[in-house]
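Right, one structure below, let's go through it.
What follows is calculated from the coordinates using simple rules that are stated; it is not laboratory data. Since this is a predicted model, take the numbers as computed values, not measurements. Neighbour counts run over all protein chains shown; Cβ positions are idealised from the backbone, glycine included.
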Amino acid sequence: SQCGGKITAQEAIHIGDKDFHPVLTTIGAAKPEALFFPIFDPEAPLIVQQSRDIPGLANTKLISADGAKDDTFVKSAGTLAQSLGMYFSGPDLNFGSTYTDKFLPEYKQIAGKDPTSVYHAHAYDAANIIFDAIEHVSLTDSSGTLYIPRTALKDYARGIKDYKGLTGTLTCDANGDCGATFVSIAQLKKDSSGKLTFQQVYTTRSGS
């Protein structure tokens, strides 16, 4: 709304719901220009499919988030989402050559498939920060028992500065938040092999 937009409706759904026609009808009464629903599967594909039954949403641009950016959504509603020009927000995954040329091939070799979560690289960095913290603060007594002091672990992790991670150079604040995540917008488009994939169309990394 700070940029001149107007929120015409704000509704809630429940996990496990299957019929979204009532809530979509309420939203569609104002014929909004856009509908943002940052939810997960299996509800997200149903929202897309059932929105086509609501006259007030015929010209509404559909926008979801990273919770719907997975193979399940593509299989359930990918073709429809592509035809509607639907948008998806999420993290910018342009992390450089180490990510594309080393991490992804090694991940696929181990797992047998590409990462399924959009936050896989962030999880990799988070795990390594924890491992690094454990290595620095853990203690072993005379019996060989390993101790990891909770406060020391927390303080070490929150004191991380200029950590060279996969996602970039990370610095953690007093709340334990590390680094700055760039946001991207993607659409479902076919790649060179004809497969529907989430392809970035905007990122805050470059501001374009």
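Data overview
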{"read-out": "Between segment 1-20 and segment 85-138, the alpha-carbon center distance in angstrom", "value": "31"}
{"read-out": "Inter-site label distance for K161 and A9 at 7 Å from Cα along Cβ, in nm", "value": "5.1"}
{"read-out": "Relative packing of peptides 147-154, 47-54, 18-25 - highest average C-beta neighbours within 10 Å first", "value": "47-54, 18-25, 147-154"}
{"read-out": "Long-range amide H partners of D92 with built H, under 5 Å", "value": "F182, V183, S184"}
{"read-out": "Rounded to whole Å, sorted largest first: equivalent-ellipsoid semi-axes of the chain, Cα gyration tensor", "value": "39, 21, 17"}
{"read-out": "Distance (nanometres) between label positions extended 7 Å along Cα→Cβ at T25 and D191", "value": "4.2"}
